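Some notes on the structure that comes next.
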Amino acid sequence: MTTVAPVNQRGSAPAVFVADFDDEEARVEAGHWHFYTAYGDPEQRKAGILFGCPCGCGSMFCVGFDSHEGAGPRWHWNGQQEAITLTPSILIYQMDQAGNVTGEHWHGFLTDGEFKSC
C-alpha cells in the first residue's frame, strides 16, 4: 500500500516558470507557473499567472494583474519573469463541497522568484 505524505499547508516553493502546463497531468508541481492572456486580446498581453499551489497539494490557481480590467482582486506584477514579484499577498481559501469558505488553505507572498508562506 502506498502512503501519501501530508500536504504542508505552510509550505514555500521556488517559483519555476514553465512555458505551459501539460493538459494530461492532474497535478501541478508546487510553485510552477506561467502567464495567461486575456481571452480575445489581439495583442496577447500578459493578464496574470496560473500556478501550482505552493503547499504541494497539486491544485492550480490563478491571479490577475492590476494592469488589466476584470472582475475580482488584482495583483501588481514587477514586470520581471526571472525574479517575479506580486503584491499584495496571495490568500487561497479552503472550501467545502458546497463552495463555502471553511478556512485558509495557503497564504503567502510571491517575492523575488519564490512563493513564501506567511
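Which order do the peptides 93-102, 107-116 take when ranked by the mean count of other beta-carbon atoms within 10 Å per residue, highest first? Mind dumping the intermediate values first?
Working: 93-102: 9.1, 107-116: 18.2.
Answer by packing, highest mean first, reads 107-116, 93-102.
How long are the three semi-axes of the equivalent ellipsoid for region 67-112, computed from the Cα gyration tensor as the root of 5 times each eigenvalue, in whole Å, largest first? Working shown, then result.
Numbers: eigenvalues 129, 41, 10 Å².
In descending order, the three semi-axes are 25, 14, 7 Å.
Give the accessible surface of region 25-118 per residue, rounded to a whole number of Å², with probe radius 1.4 Å and ligands, DNA and RNA excluded.
Details: 5380 Å² over 94 residues.
So region 25-118 comes to 57 Å² accessible per residue, rounded to a whole number.
Residues whose amide H comes within less than 5 Å of that of PHE115, counting only those at least five positions distant or on another chain, are ALA13, ALA15 (H built at 1.01 Å from N in the peptide plane).
Once semi-axes √(5λ) of the Cα gyration tensor in Å is worked out from the coordinates, which option in (i) 39, 15, 9; (ii) 25, 15, 13; (iii) 24, 16, 16 does it equal? The value computed from this structure is option (iii).
Inter-label distance, ASP112 to THR37: 3.3 nm, where each label sits 7 Å from its Cα along the C-beta direction.
How would region 30-80 be classified by its alpha-carbon gyration tensor: rounded, prolate or oblate, with rounded meaning a/c under 1.5 and the a/b versus b/c comparison settling the rest? Walk me through the numbers on the way to the answer.
Numbers: a/c = 1.98, a/b = 1.84, b/c = 1.08.
Cα axes put region 30-80 in the prolate bin.
Per-residue accessible area (protein heavy atoms, 1.4 Å probe) orders GLU82, GLU104, GLU69 as GLU69, GLU82, GLU104, starting from the largest. The share of accessible area on the chain that comes from carbon and sulfur is 51 percent, using a 1.4 angstrom probe. Packing-based ranking of 53-60, 31-38 yields 53-60, 31-38, ordered from highest to lowest mean Cβ neighbour count within 10 Å.
Label reach from HIS68 (point 7 Å along Cα→C-beta): in region 22-58, amide nitrogens under 15 Å belong to 34-51.
Grab the Cα-Cα distance for ARG27 and SER59, subtract it from 0.36 nm times how many residues apart they are, and report the gain in nm with one decimal.
Values: separation 32, 0.36 × 32 = 11.52 nm, distance 0.62 nm.
Gain in length upon complete extension: 10.9 nm.
The values are calculated or read from the model by the stated rules, or taken from the named source; none is laboratory data. All of these numbers come straight from a predicted model, not from anything done at the bench. Positions of Cβ are generated from backbone atoms using ideal geometry, with glycine treated the same way; all protein chains shown enter the neighbour counts. These area figures cover heavy atoms from the full protein model, side chains too; ligands, DNA and RNA do not enter into them. Shrake-Rupley method; radii C 1.70, N 1.55, O 1.52, S 1.80 Å.
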